[in-house]
Structure formats: structure tokens, C-alpha cells
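A short worksheet on the structure shown next.
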Amino acid sequence: MSPSSSPQVDKSQIERIVRAAVEREAVVDMHTHLYPPTFGTTLAGKSGKSDPSGMLLWGIDELLTYHYLVAEVYRVVPAHKLPYEQFWKMSKRQQADHIWKNLFIERAPISEACRGVLTTIQKLGLDPSDPTPDGWRKWFDQQDPSDYIDRVMKVSNVKSITMTNAVFDDNERERWNSNLRVGSDPRFTAVLRIDPLLRDWPTAAKKLSSWGYAADEKLGASSIESAKKFLRDWLDKMKAVYIAVSLPPEFRYPADPNDAIARAGQAVLEQVILPVCAERNLPFAMMIGSKLRVNPQLRDGGDMVGKADVQSVVGLCRAFSGNRFFCTMLARENQHELCVAARKFGNLMVFGCWWFVNNPSLIEEITRMRIELLGTSFIPQHSDARVLDQLIYKWEHSRQIIAKVLIDKFGEMAGTGRTPSQQQMEETVRLMLGGNFENFLKGS
């Protein structure tokens, strides 16, 4: 962009222009675990249609019982006072009341997870100082799920929600197979999630065979073609915009030659997944660093972070230069090396502050570092929301931080004697909140 393509602004105007642009720009949220009502919802609202295994989670009780807060409450009321099995036998409302009492009433709710609940309630126009969630429950019960999605998207200024569609999850796969409408909501786009193909090929092969895609553990030529057909069929069914996998910190490329499961995963990656991605011109997304169920009694709250191997990502980018890779890592210790790797490979797009680094102090640190190393060519954030309402607080909090960092960086640019134009600042915000994702999807 030419520095003279729009009127120059005075340094004192930078904050006003950046904040206005960040507030105004609608987000394309590239990674969530959210679904439209066609996937079923456990909270019926005024629609009156509840589904015990529904995948759309929303409402105050889902917010309060999110696994971040379950893990946090066990810091306050440990298992010797409330055994895990007793907690899991409680109703959703009883669990929510337990968390509310111990984290929001008896202690100051100053963690990011607690603050997120309060921000969400405030932005919805409810009173976060209410002594109990009962009034909020009545309000949520009056909402229609589909209309409420529109409301949340408007409040959070999100224009598109990217799902995570785990084809090996029986609940989700059966919904796709039994209801042609599940993926037809224009507010949502699909992503094909295929973890077992890489992480446990022998088990995945048995599943494929049971679904009519003949495959065996040896991954011969016929198994490779079956697996490719499986991916193609599901990409078509979902109209998925990329393929994704979550990987443990132990993931290595090339794989350990003494680890048969890892070697099978490497073969699937090289001979099935990346060739199909290339043929369909789709990126492959890797989320690396989660150690599952280190405390299984916490269920989803029992996962842990581990330091990953950035050189494995480098190896993939180098060996498959015709493919495009999204990558995010869970450990803070990986962020600098991953960012440097992205400087070396244009087919690598780092994105978001995932899970345990999705906290304000770390979001700010990571965003500053990425700008300093990558300029405007990265995706600063995704929500990773599992509860619809979380879109509100995750984007409210992240917008504040992204704006703060951009104001500082444009101020530093102005300090050199070259003041950024309004067009440059607004275009940067557009790239950060959706443009870079959309461009990378297209390969541009």
C-alpha cells in the first residue's frame, strides 16, 4: 500500500482510528467448537426442543460449568471435600450453583474464566452484580436458540463461525449422516477434524472399514485409496474449508522409527492427508501441545500443556512446500520459535492464542512478538469457544488487547517520522480480524 494512498493522520489520532477500526471490524472466527441448532441443543429456550446429546451449548449453566471453571473450583473445594464422582452425579444446575458459590461469591472472581462469565452477562444487558444466576436463567429460557445465535454474533461482532467437525465422533457423524440440513446454516462453516487418522491408524482403519472404506493396519495401496476417498467424501459432505488435527507435544516429523503407531501416522499424513489437501487446495491445521487427561477425573478439565517440537513443523513445511499449514501451539515456550519458523516459510500461518495461552497477559506478549517478527502476516486470535456465549467475552477481551498493541506499534512507526495513514491502519485491522485467514484459505 502506498503511504500516499490516503490522507496522513497526526500521531494523536492513531488511538482513535485504531480503536474505532477494531470495534467496527467484524470477525471471521477461524476455530471454534460451536454448532448451529440443527446439531441439537441441550438448552431448549423458548423453542421447547431440547436434546440430551445436543452439540450447541449456550446459557448461563453451560458458561458456569465450562471445564476451565470446573478445574478452578477444585483448587478451592478439593476432591477430599467433594469427590469427583459426586460432582459428576450432580445436575448441570447443581454444578453451576456450586461453582457460582465458591468462585463468584465466597471468593473474588478475578481469574480470566470468571471474568469472562461476568463480561458476557454484562454485554448481554444483564446485571453481573446479581447475587445468584436465577434471574439470568429465566432470561435464557426465553431465548430462541437460532435467534440467540444472531444476538451473540451481533454483540461480539462476529460475522462467521468456523466449526470443528470431528468425523470420528459418533454423535457428530450420525448427525451429518441422518440430517442433510445440519451443515446448511450460512452463519457456520465446517472443518474436517481427523485426529484418529494420525494418532491411531490401526483403530481408525477398523472404523473406516466398518463405514465401507476398506482399510487395514498395514496401509497398503488399497488402504491409502480408501482413506483418500473417505476424506474426499466428507470434505464434500461438509463443504469443509480446511482439515485439522490436534497433536500431542510428543509429535515428531519424521516419526520415531521405533514407534509403529507414529510411523503409521506419518505415512497417513504423507500419503493421504497432505495429498488430498493439495488436490483440494485446502490448508492443513495443526494444534500441537495438549497432553490429554493427566487428571482423568476432571474429564475435559484434566488436560495439560507440554512443550512441542517446532522443528517438526519446519520439516513438514519444507518437505511439502506445495501445501499450506495453519499452526498454533499450546506452550508459551514454543511461541518464539514457531514465530521465527513462520518467517522462513510462506506456507506456514501461525494463528491464535490457544487454551492455556488465551489469557490477557500472554495474548499481549505473543501479539507484540508476532508483529515485531511477522508484521501483519499472522492471525492474532481465534475464540476456541465451546459455549456459544463465550464468543462475547473472548472477542471483547481480545479486541482490547489487539487494539492496545496496534496503537503502540503504529505510534512507534509514527515516531520514526513516517505517520501511518488511516487506510493503512484500517487495512491492518481487517487483515488481523479475518482477512489473513480468508486470504490463506484461498492461497493468496
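Bear in mind that the values in this text are calculations on the coordinates, not laboratory data. Predicted, not measured: the structure shown is a model, and the values here were computed from it. Here Cβ is always computed from backbone atoms with ideal geometry, including for glycine, and neighbour counts include all displayed protein chains.
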Notebook entry, point to check: Sorting 401, 105 on the 10 Å Cβ count, fewest up front, what's the list?
Noted result: 105, 401
Next item on the list: Give the dimensionless ratio obtained when the Cα radius of gyration of segment 114-218 is divided by 2.2 N^0.38 Å.
Entry: 1.54
Next item on the list: Would you list, by chain and number, the aspartates and glutamates whose Cα falls below 12 Å from the Cα of residue 92, excluding same-chain residues fewer than 8 positions away?
Entry: 61, 62
Next item on the list: Under 18 Å Cα to Cα from residue 206, which aspartates and glutamates show up? Leave out anything in the same chain fewer than 8 places away.
Entry: 169, 170, 174, 195, 216, 217, 225, 233
Next item on the list: Report, for the chain, the % of DSSP beta bridges that are antiparallel, rounded to 5.
Entry: 10 percent
Notebook entry, point to check: Classify segment 196-272: rounded, prolate or oblate, from the alpha-carbon gyration tensor (a ≥ b ≥ c, eigenvalue square roots; a/c under 1.5 rounded; otherwise prolate if a/b is larger than b/c)?
Noted result: oblate
Notebook entry, point to check: Taking a ≥ b ≥ c as the square roots of the eigenvalues of the Cα gyration tensor of segment 45-141, is the shape rounded (a/c under 1.5), prolate (a/b larger than b/c) or oblate?
Noted result: oblate
Item checked: Nearby lysines by direct alpha-carbon distance to residue 307 (threshold 16 angstrom, same-chain neighbours under 8 apart not counted) -> 291
Item checked: Calculated FRET value between residue 256 and residue 177, using beta carbons and R₀ = 41 Å, to 0.05 -> 0.70
Check: Where the centroid of each part is defined by its Cα atoms, how far is segment 136-155 from segment 305-336 in Å?
Finding: 38 Å
Item checked: Per-residue Cβ neighbour rank within 10 angstrom, fewest leading, 304, 238 -> 304, 238
Note to self: Taking 45 Å as R0, compute the FRET efficiency from the Cβ-Cβ separation of residue 89 and residue 225 and round it to 0.05.
What the structure shows: 0.40
Check: In the structure displayed, which of 237/442; 11/409; 154/404 lie more than 18 Å apart, Cα to Cα?
Finding: 237/442; 154/404
Check: Quick one: Cα centre-to-centre distance for segment 266-283 and segment 73-103, in angstrom?
Finding: 44 Å
Note to self: Can you classify segment 102-149 as rounded, prolate or oblate using the Cα gyration tensor, where a ≥ b ≥ c are the square roots of its eigenvalues, rounded means a/c under 1.5, and otherwise it's prolate if a/b beats b/c and oblate if not?
What the structure shows: prolate
Note to self: Residue by residue through segment 432-437, what is 3J(HN,Hα) from phi via Karplus (6.51 cos²θ - 1.76 cosθ + 1.60, θ = phi - 60°)? Round to whole Hz and write x for glycine and proline.
What the structure shows: 5, 9, x, x, 5, 5
